[in-house]
Amino acid sequence: MIHAIRIHEHGGPEKMIWEEVPLPAPKPDEALVRHSAIGLNYIDVYFRTGLYKLPSLPATLGMEAAGVVEAVGSEVTEVAVGDRVAYAMAPIGAYAQARTVKADRLVKLPDGIDDRTAAGMMLQGMTAQYLLRRTFPVKAGQTILVHAAAGGVGLIMCQWAKQLGCTVIGTVSTEEKAALALAHGADHVLLSGRDDLPSRVKEITQGAMLPVVYDSVGKDTFAASLDCLAPLGMMVSYGNASGAVPPVDIGILAAKGSLFLTRPTLATYTARHDDLVATANDLFSVVLSGAVKIEVNQTYALKDAAEAHRALEARRTTGSTIFLP
Ligand code: NDP
């Protein structure tokens, strides 16, 4: 038996229960991973509340962790017992001391990346990778907008986009977060609730507006984000921290300048094993080079995961948050 954080029904953080659950032996294509650190992601909140559908209840939350392979099924070739590994977007179930997971969802960790850093970056960092390099591949000299710039994905996006030669405009909710984003690659920071985004973007870009907006906030920022785009610009709506974006009349894309709109997810971009490995390797190389620093700014015991959910939803976290099992 092991301990895990499970929910038996959807609701607030109080529904998260630290309880004993059985640990199955790995199936032929699975590995058993003993977790050393587990990542907190906003998607965990969506699954807890029911915004995103769970396959069944009760369910162990969590999409990301790092650890050591303790056993493998008979058909596994990707990893071996003793390997240090990490994963993100495997089926839900990471808030546990150990678990079984399909071996082709695991990535071996390089020596220079410790387990806590890995748990703090796999999901958020691979998201930054596909957003900046595949969804809308940014080019040096472009000015881009990154919402929630001091958050987990946001701090990585700011640093990575800077390394790729972009001018980065970030949005945040407080002066403290503004300072953090500026120290991690943002060139300009706008305060939500204080700054009118489209008019500030107009000033900063001297009227040109933006080729892309990366919007993880959703409901509260969708309309303003569209208004920050230049004609033919790309609206990348990749999250809903403030709530889901209501149905959109696509005619608005024509009216605002033949805009593009996409709603991407890491699951699609890493569904193929070779894409997963390429995305992870690109992340490892920017982190190992020092161009992107992973800021694990909050660490909790796994049994206290509900506290971390409260902090994340109350916008009290910056950078990445991990749990120790
Ligand atoms: P963050 O660390 O960025 O936390 C969320 C941040 O969103 C907050 O810190 C806050 O920053 C901002 N925010 C704005 N409005 C609200 C609100 N009403 N309630 C709570 N927070 C708000 O989380 P993650 O890095 O884990 O994830 C960032 C976003 O990216 C999430 O929306 C997540 O769903 C999405 N995501 C999408 C993926 C994909 O593939 N589509 C993959 C990974 C993440 P501030 O106070 O500065 O406004």
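Values for this structure:
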item	result
Three-way shape label, the range 206-299, alpha-carbon gyration tensor, a/c 1.5	prolate
Tilt relative to the chain, helix 115-130 - C-alpha long axis, 0 to 90 degrees, to 10	40 degrees
Percent accessible area from carbon and sulfur atoms, the chain, protein chains only, probe 1.4 Å	54 percent
Taking the chain and dividing mean pair separation by its residue count, relative contact order in percent (alpha carbons under 8 Å, at least six apart)	18 percent
Under 24 Å from the Cα of Lys293 - lysines, other chains or at least 8 residues apart	Lys108, Lys139, Lys162, Lys177
For the chain, calculated [θ]222 nm from helices alone, where every DSSP H run of n ≥ 4 adds -39500 (n - 2.57)	-8000 deg cm²/dmol
Residue-by-residue Karplus 3J(HN,Hα) for the range 154-166, coefficients 6.51, -1.76, 1.60, Hz, glycine and proline x	x, 5, 6, 4, 4, 5, 5, 5, 4, 4, 7, x, 8
Folded to 0 to 90 degrees: helix 273-288 orientation relative to the chain principal axis, Cα	70 degrees
Cβ charges +1 (Lys, Arg) and -1 (Asp, Glu), total dipole of the range 126-266, debye	420 debye
Restricting the range 161-227 to trypsin sites (Lys or Arg not before Pro) in coil, as DSSP defines it, with at most 14 other Cβ within 10 Å	Arg194, Lys219
Burial order of peptide ranges 314-325, 72-83, 116-127 (average beta-carbon count within 10 Å, highest first)	116-127, 314-325, 72-83
Under the Karplus curve 6.51 cos²θ - 1.76 cosθ + 1.60, θ = phi - 60°, whole-Hz ³J(HN,Hα) for the range 250-258, x wherever Gly or Pro sits	5, x, 5, 5, 5, 4, 9, x, 6
Of all DSSP beta bridges in the chain, antiparallel share, percent nearest 5	55 percent
Distance in nm between pseudo-label sites at Ala278 and Ala311 (7 Å out along the Cβ direction from Cα)	3.7 nm
Choice from His188, His147, His35 with maximal GNM fluctuation in the chain (Cα, 10 Å cutoff)	His188
Directionally averaged projected area (convex hull, Cα atoms, the range 126-266), nm²	7.4 nm²
Of Lys15/Lys303; Lys27/Lys53; Lys53/Lys219; Lys219/Lys303; Lys15/Lys102, pairs whose Cα-Cα distance is over 21 Å	Lys27/Lys53; Lys219/Lys303; Lys15/Lys102
Accessible surface, the chain, averaged per residue in Å² (probe 1.4 Å)	41 Å²
Distribution of pairwise C-alpha distances over the chain, 10 Å bins, in %	6, 27, 34, 22, 9, 2, 0
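The values are calculated or read from the model by the stated rules, or taken from the named source; none is laboratory data. This structure is a prediction, so every number in the text was calculated from the model and none was measured. Every residue, glycine among them, receives a Cβ derived from its backbone with ideal geometry; neighbour counts consider all protein chains shown. Only protein heavy atoms, including side chains, enter the accessible area calculation; ligands, DNA and RNA are left aside. Shrake-Rupley method; radii C 1.70, N 1.55, O 1.52, S 1.80 Å.
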